[in-house]
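To keep things clear, I will list the structure first and then write my remarks on it.
Where a number appears in this text, it was derived from the coordinates with a stated rule and is not lab data. Treat the numbers as computed from the prediction; the structure is a model and nothing was measured.
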Amino acid sequence: MHDNIPSGFFSLNNPVFVGIMWRFAIDIVFLFILIRVVYFRYYKKVKFLFTFFLMGIMVFFICSMLGTVFLDMTFAFGLFAVFSILRFRTMNFSVKDMAYTFTTIGISLINSLRVLKFPLSGILIINIIIIVSAYILEEFLIKYRSERQSIIYDRLDLLKPEKKEKFLKDVSVRTGREVLKVKIRRINFKRKRALLDIYYKDKTT
């Protein structure tokens, strides 16, 4: 592979190498906004910051090198084979985390491309659109994001449909939650208790 790297490729006098460094600076800025400003603000998962940042950096440089250096085909296929066998087996890696992983890779791929006759402003606009889209979607989901909790409730007289507002207010006061809706799972008339599933607004973000 080293034989295929042009002499002086890593020199600061090489416009191709300088271009890669400029695109890398742009990539880091937008990765920081996506991961640290947007993702961490809503999910507070410190353990994934390292993964997302390092993955974005590696994808950027690998794709940049594939686009500017004549690599052996076996080496190139080997690099992408590594990505294809990566699996996230942890139970804490949610669908939303997978979406951010894909977005991290996508931003790095876009910023690594050296597209001729395509203005730098176009790349910046695309990055901004991705970041703003992620932020708007998160803000939209906050309004509908809820958590569920099972509780035992002893005021069966409030379970009547005509007392719904008073019932929700009473449950909210007792639980200290902003209850959005309640599902009655089971009623024990002998003990005058009911098993409820309450859905309340998530205030952790």
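Here the Karplus curve 6.51 cos²θ - 1.76 cosθ + 1.60, taken at θ = phi - 60°, turns the phi angles of segment 28-33 into couplings of 4, 4, 6, 5, 4, 5 Hz, with x standing for Gly and Pro.
Stokes-Einstein diffusion for segment 146-201 at 20 °C, viscosity 1.002 mPa s, with a Kirkwood radius from C-alpha pairs, works out to 191 µm²/s. For the cross-link pairs K166/K192; K44/K96; K96/K166; K160/K192, the ones whose C-alpha atoms lie over 24 Å apart are K96/K166. Only aspartates and glutamates eight or more places from K201 in sequence, or on another chain, were considered; those with a Cα closer than 19 Å are E138, E139, E147, E165, D170, E178.
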